Amino acid sequence: MTLMRKTFLTLAENNAMYRFVVGNSLTRNLTRRFVAGESLDEALDAMAALNTRGIRGSLDLLGENVHTEAEARAAGAEYERILDAIHAKGLNTNVSLKLTQMGMDLDENLCIEVTAKVLDKAQQYNNFVRLDMEGSPYTQRTVDLFKILHARYGNTVGIVLQAYLYRTEQDVEEMIKLGARVRLCKGAYLEPESVAFPDKADVDRNYIRLMERLLASGYFPGIATHDEAIIQHARRFCQETQIAPERFEFQMLYGIRRDLQESLVQEGYGMRCYVPFGTQWYPYFMRRLAERPANVWFILHNALKR
Ligand code: FDA
């Protein structure tokens with residue numbers, strides 16, 4: 001892991017930095033490259049624009065680690081409102097949520113109750129809810145709660161697995177057995193060597209191995225990466241093994257590699273864009289800076305231009 005990545009992922013959890021960045025109107029404006037806005041209406045407008053370009057979506061109300069039951073219930077209610085709005089506007093998008101936002105750290109029964117209400121709403125509209133994957137202290141609990149919810153809601157709910165974790169190979173096999181819908185990503189958190197590959201080359205190799213398993217035997221996997229070499233590999237693998245483009249989709253983050261998102265759509269591949277919005281954008285924004293040092297120069301350059 002590079003020093004830069006480590007620094008930004010550490011700052012993502014730093015309160016003083018949080019106050020500086022969030023309290024500063026300049027940085028708030030610059031986040032707009034990665035965050036669709038602070039309100040649901042702004043996010044819905046961004047989604048409508050993506051849909052007109054043939055790109056599906058997944059709306060994410062930013063927020064993690066709530067501290068009270070009331071906050072967890074409010075976040076769940078907000079997701080129900082989002083699903084109502086998606087239905088009312090006829091948009092082609094599902095939602096992604098974090099279980100710590102639904103109260104996982106407070107009480108697992110509360111978390112299940114709140115998330116189940118969101119899933120009831122999704123089922124009513126024939127929509128879908130993806131459980132994002134957070135840092136490794138939450139992996140086992142997320143998998144356990146996912147299995148409880150999957151037993152009740154089937155493929156109305158899906159999970160995310162991270163290729164940087166050593167354990168993910170087993171998780172992939174378990175999800176294949178369940179016939180569950182998996183989004184495969186590399187992983188965005190600061191993790192110790194005891195649980196995650198420290199070298200990016202190993203993460204990339206593991207991603208390719210797990211991706212091939214999911215493409216060949218998984219249920220409608222989401223190949224979530226902006227890595228062009230891996231995307232090329234996926235296309236080649238699918239051509240060679242005759243896996244039709246309808247059996248999977250590519251997924252990318254809002255504001256990243258828009259050129260590649262559009263060219264894959266032009267070639268007939270399914271593309272889903274993860275669109276985050278809301279006021280709690282700080283940790284998400286810092287993880288995006290950590291992924292690519294060039295983003296920091298982009299932000300500084302724009303800050304200096306103003
Ligand atoms: P990699 O980091 O190797 O980047 C490959 C190339 O992509 C770079 O060279 C650059 O061109 C471009 N790129 C990547 N990140 C960029 C950035 N921030 N800004 C500009 N360009 C960038 N993680 C997690 O832990 N839990 C989760 O639930 C999710 N969910 C999720 C959903 C979706 C739809 C995506 C695409 C990603 C996630 N992630 C995630 C994040 C994921 O784990 C990972 O951190 C990022 O996708 C970056 O990794 P890449 O696979 O793009 O490769």
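The values are calculated or read from the model by the stated rules, or taken from the named source; none is laboratory data. Because the structure is predicted, anything quoted here is derived from the model rather than measured. Cβ coordinates were reconstructed from backbone atoms using ideal geometry, including for glycine residues, and neighbour counts include every protein chain displayed. To get the accessible areas, we keep the full protein, side chains included, count just its heavy atoms, and leave off ligands, DNA and RNA. Shrake-Rupley method; radii C 1.70, N 1.55, O 1.52, S 1.80 Å.
A few comments on the model shown:
- Selection status of Y189, assigned to a helix (DSSP H, G or I), near the ligand (Cβ under 8 Å from one of its atoms), surrounded by 14 or more Cβ atoms within 10 Å (Cβ to Cβ) and within 18 Å of the chain's Cα centre (by Cα): no
- Residues within segment 198-219 that are surrounded by 13 or more Cβ atoms within 10 Å (Cβ to Cβ), more than 21 Å from the chain's Cα centre (by Cα) and under 15 Å from G187 (Cβ atoms), tallied: 1
- Set side by side, the residues Y284, Y219 differ, and just one is within 22 Å of L97 (Cβ to Cβ) and touching a strand residue (DSSP E or B) at 6+ places or on another chain (Cβ under 6 Å), which is Y284.
- Residue tally, condition in contact with a helix residue (DSSP H, G or I) (Cβ under 7 Å, 6 or more places away or on another chain) and farther than 23 Å from L50 by Cα, over segment 235-271: 4
- Applying the set (1) buried (at least 17 other Cβ atoms within 10 Å of the Cβ); (2) among the small types (G, A, S); (3) assigned to a loop (DSSP other than H, G, I, E, B) to S194 leaves exactly one unmet item: (1).
- Residue satisfying all of: in segment 247-288; aliphatic (A, V, I, L, M) and open to solvent by less than 10 Å² (accessible area, probe 1.4 Å); farthest from the chain's Cα centre (by Cα) among these: L264
- Any pair with Cβ under 8 angstrom, 6 or more apart, that starts in segment 30-47 at a residue that is assigned to a helix (DSSP H, G or I) and ends at one that is within 16 Å of the ligand (Cβ to nearest atom) and open to solvent by 40 Å² or more (accessible area, probe 1.4 Å): R33/F298; A46/Y254
- Search result, residues across segment 227-256 that are at pLDDT below 95 and of a type outside the set (G, A, S): I256
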